[in-house]
1. Give the aspartates and glutamates whose C-alpha is closer than 19 Å to that of LYS29, dropping any in the same chain fewer than 8 places away, or say none.
2. What relative contact order, as a whole-number percentage, does segment 47-142 give when Cα pairs under 8 Å and 6 or more residues apart are counted?
3. Return P(r) of segment 126-197 (all Cα-Cα pairs; 10 Å bins starting at 0; whole %; ordered from short to long distances).
4. Using every Cα-Cα pair within segment 23-179, state what percent have a distance larger than 18 Å.
5. Which of the aspartates and glutamates could a cross-linker span from LYS112 if the Cα-Cα distance has to be under 19 Å and same-chain partners fewer than 8 positions apart are dropped?
6. Please report Rg (one decimal) and Dmax (integer) in Å for the Cα set of segment 34-306.
Amino acid sequence: MIKYLFFSLSLIALLTFNTSCAQKSEELKMIYELEEDYKFPYSIYEADKKFELKEELREISGLAYYNDHSLLCVNDEKGIIYKYHLDKKEITKKYAFDKSGDYEGIELVGDKVFVLRSDGAIFKVNHFRKKNIVSVKNKTALDAGNDTEGLAYDSQNNSLLVACKGSPSDDRKLKGKRAIYEYKLNKNKLSHKPKYLIDQEEIRKTLEFNAYTKFSVRLLENINPSEGDVTFQPSAIAMHPITGNLYVIGSVGKLLVVLNPTGKLLAIVKLKRKLFRQPEGICFAPDGRMFISNEGKGSRANIYEFNYLK
């Protein structure tokens, strides 16, 4: 009896180990590291922490690091900045800065908060820590056709980076690319040309699929075939505080791509749909911890935290 029990426990342990190894092997196939000296520094399929959000943030669309205890959030319906406390796991403050609209990105720069709307407008929110909030809207050359969804702060150049989910430009040469523009804070001016370009053809070749004909992509994303290439459409961006690399998430396509500071593609990561239902926000803590938010999409919205593997 004892021998049988020992054999059974040993068999269970062996099967568990083999299953774990198989899962790890499968996950490695979902991470494509394109440079020999680059290693993706997160266990992206095993979050270290999970924060379930209440109904008020069901449509969470942007995320920014505030301090060790709090993140700033926006949703794509209301002109409100939400302060979410990580320890208390609740919204502790709200700051109304403008009327309702499709707000998609948020960044904290010093004592100012910048919020991106999908039509390219950037709102600068002053006196954020005081009651008398002042909001100034800055129009850019981008519009609803560009569908601006990602906002990041580049501290080295004192500029904001604006990612377009839609059309990259009127320039036909940029067809098939996804564009990220630079907004100089000292001039309040957007660059005429994209600072970074993400080539969808390069992504397709790496992942070995055709985004025009892959039926499952459109079926899962509810995308109209008339929208064309659905390989990758940026929904959030953030600059890594330690490496300076740019992380770009695409809810459409369920991918996370990493670019180095010169724009070279370092990695492509397939995101598990079960874990990342609709990733719309990303930010980093100074120590490299990564936060990714997901809209509700049939369930509760959430934020995942991932430790930085140095």
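1. In chain and number order, the partners are ASP37, GLU46, GLU202, GLU208.
2. Working: 209 pairs, mean separation 17.8, N = 96.
Dividing the mean separation by the residue count of segment 47-142 yields 19 percent.
3. 19, 46, 26, 8, 2
4. Details: 8005 of 12246 pairs.
Here the tail beyond 18 Å accounts for 65 percent of pairs.
5. Reachable aspartates and glutamates: ASP68, ASP98, GLU104, ASP154, GLU182.
6. Over segment 34-306's Cα set, Rg and Dmax evaluate to 17.4, 53 Å.
FYI, it's all coordinate maths here, none of it is from the lab. What you see is a predicted model; the values in this text were computed from it and never measured.
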